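Here is the structure we will look at, set down as structure tokens.
The values are calculated or read from the model by the stated rules, or taken from the named source; none is laboratory data. Small disclaimer: the values here were computed from a predicted structure and weren't measured. Note that we place each Cβ from the backbone using ideal geometry, even for glycine, and neighbour counts take in every protein chain shown.
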Amino acid sequence: MSIVTLLTDLGYRDPYLAMAKGKLISGIKGLQVVDISHDPIVTADEMVGSYMLRNVVPQFPKGTVHIVSVNTTLDFGSRFVAFEHKGHFFIGADRGIFYMFLAEHPEKVYDITSYSKAFTTFPLMDIFIPVAIDLSHGKKMEEIGAAEIKLVEKTMFHPTVEPNRIVGSILYVDVYGNLITNISKNLFEKVRNGRRFSIYVRSANYNITKISNNYNEAIEGEMVGVINYAGLIEIAMHNANCAKMLGVEVRSSIVAQFMDG
């Protein structure tokens, strides 16, 4: 059975997503299509999309095709790409999301911008899906791409580390309003080195002084910090939407301050 994952900005209101899935299923026998996200507000930010890919891709078997159809309007300098990396295949618009996700250049990246002979306003239908179908039918990557190129380089925001504090940022806000930060457990514990700490979100009025094992260790409406599945510090509120309550969003700052004694 073949597997294709879809990360798009199509939303669920219009027929476009069903059109794409229908074309994939018609073109690849026994295909399983798995949705990553189709929220146009969420997926518009390459940093958010790359966070999703970092969490999703490792859960799938080698041979999976991952189609990223976000911000696909062609303008000066933009292009569409296809490549293989560690047994997975990637197809989509190269606006930095792939390099941000991988943090390295794949061995070979192919330009597929001209795969459709006619001008297209729907690259997912006219380029990305035909490429996925042709790959599933045994066509080689070098037969699909017009030329070998390098990915557009964009990097994740990395925390700033000082002797007594870490200045990070909110990497992702999930549907519950939980704040996923770019501060990993390993980095936090290394800089902390056993010291007391306060993690501030937005201002000194909003902080936590311990990392809990689960969300329920806080009382209702109180902030709580946990280590999430990806090994990152996550700030939440018990039975409340933390992002809305604090008025913060992706890329907002977060500070972990460490105190001796």
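Answer yes if at least one residue in the stretch 124-132 is in the same structural domain as ILE28 (by TED's automatic domain parsing), modelled with pLDDT of 90 or more, touching a Gly at 6+ places or on another chain (Cβ under 6 Å) and surrounded by 11 or more Cβ atoms within 10 Å (Cβ to Cβ), and no otherwise.
No; the residues of the stretch 124-132 include none that is in the same structural domain as ILE28 (by TED's automatic domain parsing), modelled with pLDDT of 90 or more, touching a Gly at 6+ places or on another chain (Cβ under 6 Å) and surrounded by 11 or more Cβ atoms within 10 Å (Cβ to Cβ).
Pairs meeting the criteria (first residue in the stretch 142-161 and under 27 Å from VAL255 (Cα atoms) and touching a residue at least 12 places away in the same chain (Cβ under 8 Å), second residue of a type in the set (Gly, Ala, Ser) and outside any strand (DSSP E or B), beta carbons under 6 Å, at least 6 apart or on different chains) are LYS154/GLY96. Residues in the stretch 173-200 that are part of a strand (DSSP E or B) and either under 15 Å from ILE227 (Cβ atoms) or over 22 Å from the mean Cα position of the chain (by Cα) (or both): LEU179, ILE180, THR181, ASN182, ILE183, SER184, ARG196, PHE197, SER198, ILE199, TYR200.
The residues of the stretch 120-165 that are within 20 Å of LEU10 (Cα to Cα) and in a loop (DSSP other than H, G, I, E, B), listed by number, are THR120, THR121, PHE122. Cβ separations smaller than 7 Å between residues 6+ apart or across chains give the following pairs from the stretch 106-122 residues that are of a type in the set (Ser, Thr, Tyr) to residues that are in a loop (DSSP other than H, G, I, E, B): TYR110/GLY145; THR113/ARG79; SER114/ALA146.
Output yes when any residue across the stretch 39-57 is out of contact with any Cys (no Cβ under 9 Å at 6 or more places or on another chain), under 19 Å from GLU153 (Cβ atoms) and part of a strand (DSSP E or B), and no when none is. For the stretch 39-57, residues out of contact with any Cys (no Cβ under 9 Å at 6 or more places or on another chain), under 19 Å from GLU153 (Cβ atoms) and part of a strand (DSSP E or B): absent.
When we screen TYR99, TYR110 for residues that are of a type outside the set (A, V, I, L, M), touching a helix residue (DSSP H, G or I) at 6+ places or on another chain (Cβ under 8 Å) and either under 21 Å from LEU135 (Cα atoms) or assigned to a helix (DSSP H, G or I) (or both), the only hit is TYR110.
Being crowded, with 19+ Cβ neighbours inside 10 Å, at pLDDT 90 or above and closer than 30 Å to VAL81 by Cβ is not true of ILE208.
Is there a residue in the stretch 213-222 that is touching a residue at least 12 places away in the same chain (Cβ under 8 Å) and more than 29 Å from the chain's Cα centre (by Cα)? Yes: one or more hits.
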